[in-house]
Amino acid sequence: MTGRLVILSGPSGVGKDTVINEWVRLNPRVERVVAYTTRSPRVGEIPDVDYHFVSRDEFLKKAEAGDFLEYKLVYDNYYATPLKDMEAMLAAGKIAILKIDVQGALSAMQLRPDAMSVFILPPSEEELRRRIVERGSDEPEVVRKRLDQALSEIAQSDQYRHRIVNDSVENAVRQLEALVANE
(Lines give C-alpha, C1' and ligand atoms only; values in the text may rest on other atoms or scores of the structure.)
Protein backbone atom coordinates (compact mmCIF):
# COMPACT_ATOMS: atom_id res chain seq x y z
CA MET A 1 0.00 0.00 0.00
CA THR A 2 1.40 3.37 -1.00
CA GLY A 3 1.69 6.14 1.56
CA ARG A 4 0.07 9.53 1.10
CA LEU A 5 1.50 12.89 2.16
CA VAL A 6 -1.03 15.49 3.36
CA ILE A 7 0.02 19.07 4.06
CA LEU A 8 -2.52 20.55 6.45
CA SER A 9 -2.56 24.21 7.43
CA GLY A 10 -4.89 26.74 8.93
CA PRO A 11 -4.76 29.75 11.18
CA SER A 12 -4.04 29.55 14.87
CA GLY A 13 -7.16 28.48 16.76
CA VAL A 14 -8.95 26.86 13.80
CA GLY A 15 -8.80 23.40 15.40
CA LYS A 16 -6.07 21.68 13.39
CA ASP A 17 -4.90 19.52 16.32
CA THR A 18 -8.44 18.51 17.23
CA VAL A 19 -9.20 17.50 13.64
CA ILE A 20 -5.93 15.61 13.25
CA ASN A 21 -6.34 13.81 16.59
CA GLU A 22 -9.84 12.66 15.63
CA TRP A 23 -8.66 11.54 12.18
CA VAL A 24 -5.81 9.56 13.76
CA ARG A 25 -8.30 7.96 16.18
CA LEU A 26 -10.66 6.93 13.36
CA ASN A 27 -8.17 5.79 10.73
CA PRO A 28 -5.19 3.61 11.72
CA ARG A 29 -3.30 4.63 8.55
CA VAL A 30 -3.25 8.30 9.56
CA GLU A 31 -0.19 9.47 11.47
CA ARG A 32 1.01 12.97 12.27
CA VAL A 33 4.62 13.79 11.51
CA VAL A 34 5.86 15.31 14.77
CA ALA A 35 7.58 18.60 13.97
CA TYR A 36 10.62 20.08 15.66
CA THR A 37 10.46 23.46 17.38
CA THR A 38 12.63 25.74 19.48
CA ARG A 39 9.70 27.12 21.45
CA SER A 40 8.86 26.00 24.98
CA PRO A 41 6.02 23.52 25.49
CA ARG A 42 2.59 24.98 26.23
CA VAL A 43 0.59 23.69 29.17
CA GLY A 44 -0.57 20.18 28.37
CA GLU A 45 1.80 19.59 25.47
CA ILE A 46 3.79 16.38 25.61
CA PRO A 47 7.38 16.35 24.30
CA ASP A 48 7.88 14.03 21.31
CA VAL A 49 4.11 13.67 20.95
CA ASP A 50 3.03 17.25 20.21
CA TYR A 51 6.46 18.49 19.11
CA HIS A 52 10.11 17.58 19.45
CA PHE A 53 11.19 20.50 21.67
CA VAL A 54 14.88 21.27 21.14
CA SER A 55 17.31 24.09 21.81
CA ARG A 56 18.07 26.61 19.10
CA ASP A 57 21.61 25.21 18.78
CA GLU A 58 20.38 21.63 18.39
CA PHE A 59 17.79 22.75 15.85
CA LEU A 60 20.34 24.63 13.74
CA LYS A 61 22.70 21.62 13.80
CA LYS A 62 19.90 19.39 12.51
CA ALA A 63 19.02 21.93 9.81
CA GLU A 64 22.65 22.12 8.72
CA ALA A 65 22.82 18.31 8.57
CA GLY A 66 19.84 18.22 6.18
CA ASP A 67 17.51 16.50 8.66
CA PHE A 68 14.50 18.64 7.71
CA LEU A 69 12.27 18.75 4.64
CA GLU A 70 11.78 22.45 5.38
CA TYR A 71 12.11 24.84 8.29
CA LYS A 72 10.96 28.35 9.06
CA LEU A 73 11.15 31.00 11.75
CA VAL A 74 7.63 31.75 13.06
CA TYR A 75 6.75 33.92 16.07
CA ASP A 76 10.47 34.10 16.99
CA ASN A 77 10.82 30.30 17.10
CA TYR A 78 11.97 27.76 14.56
CA TYR A 79 9.70 24.96 13.30
CA ALA A 80 10.67 22.10 10.98
CA THR A 81 9.43 18.93 9.31
CA PRO A 82 11.70 15.93 10.02
CA LEU A 83 12.53 14.31 6.70
CA LYS A 84 13.36 10.76 7.90
CA ASP A 85 10.21 10.43 10.03
CA MET A 86 8.02 11.53 7.12
CA GLU A 87 9.74 9.19 4.65
CA ALA A 88 9.43 6.23 7.06
CA MET A 89 5.67 6.79 7.41
CA LEU A 90 5.21 6.98 3.65
CA ALA A 91 7.29 3.83 3.13
CA ALA A 92 5.03 2.06 5.66
CA GLY A 93 1.92 3.01 3.66
CA LYS A 94 0.72 5.63 6.14
CA ILE A 95 -1.18 8.83 5.47
CA ALA A 96 1.51 11.16 6.81
CA ILE A 97 0.13 14.48 8.03
CA LEU A 98 2.30 17.59 8.06
CA LYS A 99 0.60 20.15 10.30
CA ILE A 100 2.43 23.17 9.06
CA ASP A 101 2.06 26.95 8.83
CA VAL A 102 1.53 28.66 5.47
CA GLN A 103 5.20 29.64 5.06
CA GLY A 104 6.39 26.09 5.58
CA ALA A 105 3.53 24.61 3.59
CA LEU A 106 4.35 26.65 0.51
CA SER A 107 7.96 25.43 0.70
CA ALA A 108 6.85 21.83 1.28
CA MET A 109 4.43 22.00 -1.67
CA GLN A 110 7.29 23.00 -3.96
CA LEU A 111 9.52 20.23 -2.61
CA ARG A 112 6.73 17.62 -2.62
CA PRO A 113 4.30 18.39 -5.47
CA ASP A 114 2.82 14.91 -4.91
CA ALA A 115 1.41 16.04 -1.55
CA MET A 116 -2.26 16.79 -1.08
CA SER A 117 -2.56 20.29 0.38
CA VAL A 118 -5.51 21.21 2.60
CA PHE A 119 -6.27 24.50 4.32
CA ILE A 120 -8.63 24.40 7.32
CA LEU A 121 -10.86 27.48 7.57
CA PRO A 122 -12.91 28.70 10.54
CA PRO A 123 -16.69 28.96 10.17
CA SER A 124 -16.33 32.73 10.66
CA GLU A 125 -13.83 35.36 11.78
CA GLU A 126 -15.85 35.83 14.99
CA GLU A 127 -15.65 32.11 15.80
CA LEU A 128 -11.89 32.11 15.17
CA ARG A 129 -11.45 35.09 17.51
CA ARG A 130 -13.47 33.28 20.21
CA ARG A 131 -11.39 30.09 19.88
CA ILE A 132 -8.07 31.96 20.12
CA VAL A 133 -9.17 33.97 23.16
CA GLU A 134 -10.68 30.94 24.94
CA ARG A 135 -7.43 29.01 24.65
CA GLY A 136 -6.22 31.16 27.53
CA SER A 137 -2.60 30.33 26.76
CA ASP A 138 -1.51 33.66 25.26
CA GLU A 139 -1.13 37.24 26.44
CA PRO A 140 -3.47 39.83 24.81
CA GLU A 141 -0.68 41.14 22.56
CA VAL A 142 0.02 37.60 21.31
CA VAL A 143 -3.71 37.04 20.71
CA ARG A 144 -3.81 40.21 18.58
CA LYS A 145 -0.75 39.05 16.59
CA ARG A 146 -2.31 35.61 16.07
CA LEU A 147 -5.56 37.16 14.81
CA ASP A 148 -3.69 39.44 12.41
CA GLN A 149 -1.61 36.49 11.20
CA ALA A 150 -4.74 34.34 10.85
CA LEU A 151 -6.34 36.83 8.46
CA SER A 152 -3.14 36.97 6.42
CA GLU A 153 -2.99 33.17 6.25
CA ILE A 154 -6.67 32.86 5.27
CA ALA A 155 -5.98 35.27 2.42
CA GLN A 156 -3.39 32.77 1.11
CA SER A 157 -5.64 29.72 1.37
CA ASP A 158 -6.31 29.75 -2.37
CA GLN A 159 -2.76 28.42 -2.85
CA TYR A 160 -3.90 25.07 -1.43
CA ARG A 161 -5.50 22.38 -3.56
CA HIS A 162 -8.37 21.95 -1.06
CA ARG A 163 -10.12 24.04 1.60
CA ILE A 164 -12.29 22.68 4.40
CA VAL A 165 -14.40 24.69 6.85
CA ASN A 166 -14.07 23.31 10.38
CA ASP A 167 -17.68 23.84 11.42
CA SER A 168 -17.59 20.47 13.19
CA VAL A 169 -14.71 18.09 13.79
CA GLU A 170 -16.68 15.11 12.47
CA ASN A 171 -17.52 16.93 9.24
CA ALA A 172 -13.92 18.08 8.74
CA VAL A 173 -12.58 14.52 9.23
CA ARG A 174 -15.23 13.10 6.88
CA GLN A 175 -14.13 15.60 4.21
CA LEU A 176 -10.44 14.74 4.71
CA GLU A 177 -11.19 11.03 4.33
CA ALA A 178 -13.11 11.73 1.12
CA LEU A 179 -10.30 13.87 -0.30
CA VAL A 180 -7.65 11.22 0.36
CA ALA A 181 -9.88 8.50 -1.13
CA ASN A 182 -10.67 10.52 -4.26
CA GLU A 183 -7.34 12.18 -5.05
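The values are calculated or read from the model by the stated rules, or taken from the named source; none is laboratory data. None of the values given here were measured: they were computed from a predicted structure. Note that we place each Cβ from the backbone using ideal geometry, even for glycine, and neighbour counts take in every protein chain shown. Note: areas computed on protein heavy atoms with side chains; ligands, DNA, RNA excluded. Shrake-Rupley method; radii C 1.70, N 1.55, O 1.52, S 1.80 Å.
Principal axis extents of the Cα atoms in segment 80-127, from largest to smallest and rounded to whole angstrom, are 41, 20, 19. Note on the chain: Kirkwood hydrodynamic radius from all Cα pairs is 16.8 Å, rounded to one decimal.
Binning all Cα-Cα separations of segment 10-92 at 10 Å, short to long from zero, yields these whole-percent fractions: 16, 46, 33, 5. Charged side chains reduced to their Cβ positions (Lys and Arg at +1, Asp and Glu at -1) give the chain a dipole of some 220 debye around its Cα centre.
With the Kirkwood sum run over all distinct C-alpha pairs, segment 54-100 has a hydrodynamic radius of 11.5 Å. In the chain, taking the dipole from charged Cβ atoms about the Cα centre, the farthest positive-side position among Leu60, Ile95, Ile20 is held by Ile95.
Kirkwood's formula applied to the C-alpha pairs of segment 90-183 gives a hydrodynamic radius of 14.9 angstrom. In the chain, helices alone account for a calculated mean residue ellipticity at 222 nm of -13500 deg cm²/dmol, with every DSSP H run of four or more residues adding -39,500 (n - 2.57).
Taking every protein chain into account, the accessible area of the chain amounts to 52 square angstrom per residue (probe 1.4 Å).
Net length available on complete extension from Asn21 to Glu134 is 38.7 nm, with 0.36 nm assigned per residue and the Cα-Cα distance removed. Distance check, please: which entries in Lys16/Lys61; Lys99/Lys145; Lys61/Lys94 exceed 24 angstrom between their Cα atoms? Beyond 24 Å: Lys16/Lys61; Lys61/Lys94. A simple count of charges around Thr2, restricted to other residues whose Cβ falls under 12 Å of its Cβ and scoring Lys, Arg +1 and Asp, Glu -1, yields +2.
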